[in-house]
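One structure is given here, and the rest of the page talks about it.
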Amino acid sequence: MSGNTITHEVTPTVVQAGGKREADFTQSRAARELGLKRGAFDLAVHLGHIRTVPDEGGGGRRVAHAEVDRLRAQDGFPRTLHQRVEAVGTGQGAAIMDVTGARFTRFARLGLLVPVSFYFNRYRAVVWLYLADELRQFRADAKNASLLSRPLPEGLRDQLDGGLDLRPRNWRGRHLGFLLRQADGPWERAAAVASLLAPVQVSDIVRDPYERAHLRRFGPQLPAHGAPGSPTAHLTERIMTADSPDEIGWLRADLARMLEEARTHRPAPRPTGRDTAPAPEEHRVAPGRPERSRGLLGRLFRRGA
């Protein structure tokens with residue numbers, strides 16, 4: 001087939017009382033309609049700027065025509081929408097805030113700036129991305145003037161000297177917010193929380209193997225970085241997994257609470273009567289999350305810090 005061949009996505013029609021209307025857009029089609037690259041579109045969805053709806057046919061979430069029309073009707077479209085999802089790295093971020101790259105990184109490590117996404121460069125170093133709008137707001141806030149122009153207070157410097165780096169944790173917190181915003185029910189919400197815990201932590205809270213299997217069914221899709229089992233996939237898993245005792249503690253508490261809500265809403269399915277199906281096979285690793293090689297992870301992550 002020629003490399004110049006263009007394929008057109010055909011959207012079916014849905015018949016309603018009083019006439020016909022086109023069905024909701026697929027996300028890739030909606031991205032094109034809004035003039036966004038797919039990564040920027042996904043970020044806009046995560047941030048709540050673009051509302052999606054479940055596909056009744058089970059084909060993933062879609063975007064209603066009315067939502068696309070709403071966004072197009074906003075003042076300054078498409079420029080304003082693009083600005084809201086503009087994500088920048090350390091160099092561009094430092095320029096926006098008029099500080100050095102080193103100072104910008106210190107702010108991020110201290111948790112003053114929260115990453116919105118990340119990727120790995122060719123050296124497998126983690127490249128954190130930040131919302132440009134949030135950086136502009138930080139710089140414009142008079143309360144931050146001394147941080148931008150004077151040496152950091154001694155207490156903050158001591159934390160940095162002690163190795164503090166809140167970027168992965170803050171990204172996880174933000175990502176969990178994305179997942180919960182998209183969750184359609186209590187099992188989906190519980191699965192979102194479970195996705196940030198190590199499998200052994202989930203097993204300790206969710207003792208029933210049928211409930212664990214049900215959680216895995218609703219587990220969110222992980223950020224795609226590298227082929228399964230690759231070094232970058234291992235690094236992604238590490239970033240995705242809570243590692244500090246207090247973070248693990250509150251995620252465990254949230255999972256236990258959400259699990260109770262999910263059980264009340266709808267118990268996990270299990271064999272009944274004469275059904276002799278065996279219990280689900282236990283896996284230490286959720287789908288899409290390769291087993292860890294702690295030595296390799298530690299070396300690679302230190303290199304990419």
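Karplus-based coupling profile of region 206-220, in residue order and whole Hz: 9, 6, 6, x, 6, 5, 5, 5, 5, 4, 4, 4, 9, x, x, with θ = phi - 60° in 6.51 cos²θ - 1.76 cosθ + 1.60 and x standing for Gly or Pro. Region 66-184 gives an Rg/Rh value of 1.03, both radii derived from C-alpha positions and Rh following Kirkwood. Using only alpha-carbon positions in region 34-75, the gyration tensor eigenvalues give semi-axes of 18, 13, 9 Å once each is multiplied by 5 and square-rooted (largest first). P(r) tail for region 32-124: Cα pairs beyond 15 Å make up 69% of the total. Once Rg and the Kirkwood radius are both taken over the C-alpha atoms of region 141-192, their ratio Rg/Rh works out to 1.24.
By accessible area, using a 1.4 Å probe on protein heavy atoms only, region 62-163 has 48% of its surface on carbon and sulfur.
The reciprocal of the average 1/r between distinct C-alpha atoms defines the Kirkwood hydrodynamic radius, which for region 132-270 equals 17.4 Å.
Comparing Cα centroids, region 222-274 and region 91-107 end up 34 angstrom apart. Calculation over all alpha carbon pairs of region 186-242 in 10 angstrom steps from 0 returns a P(r) of 23, 49, 26, 2 percent.
Take region 78-215 with all the other protein chains still there, run a 1.4 Å probe, and you get 47 Å² of accessible area per residue. The order of the peptides 212-221, 70-79 by mean Cβ neighbours within 10 Å, most packed first, is 212-221, 70-79.
The values are calculated or read from the model by the stated rules, or taken from the named source; none is laboratory data. Here the structure is a predicted model, which is why all the values come from computation and not from measurement. Cβ atoms come from the backbone with ideal geometry, glycine included; neighbour counts cover every protein chain shown. Areas reflect the complete protein model, heavy atoms only, side chains present, ligands, DNA and RNA absent. Shrake-Rupley method; radii C 1.70, N 1.55, O 1.52, S 1.80 Å.
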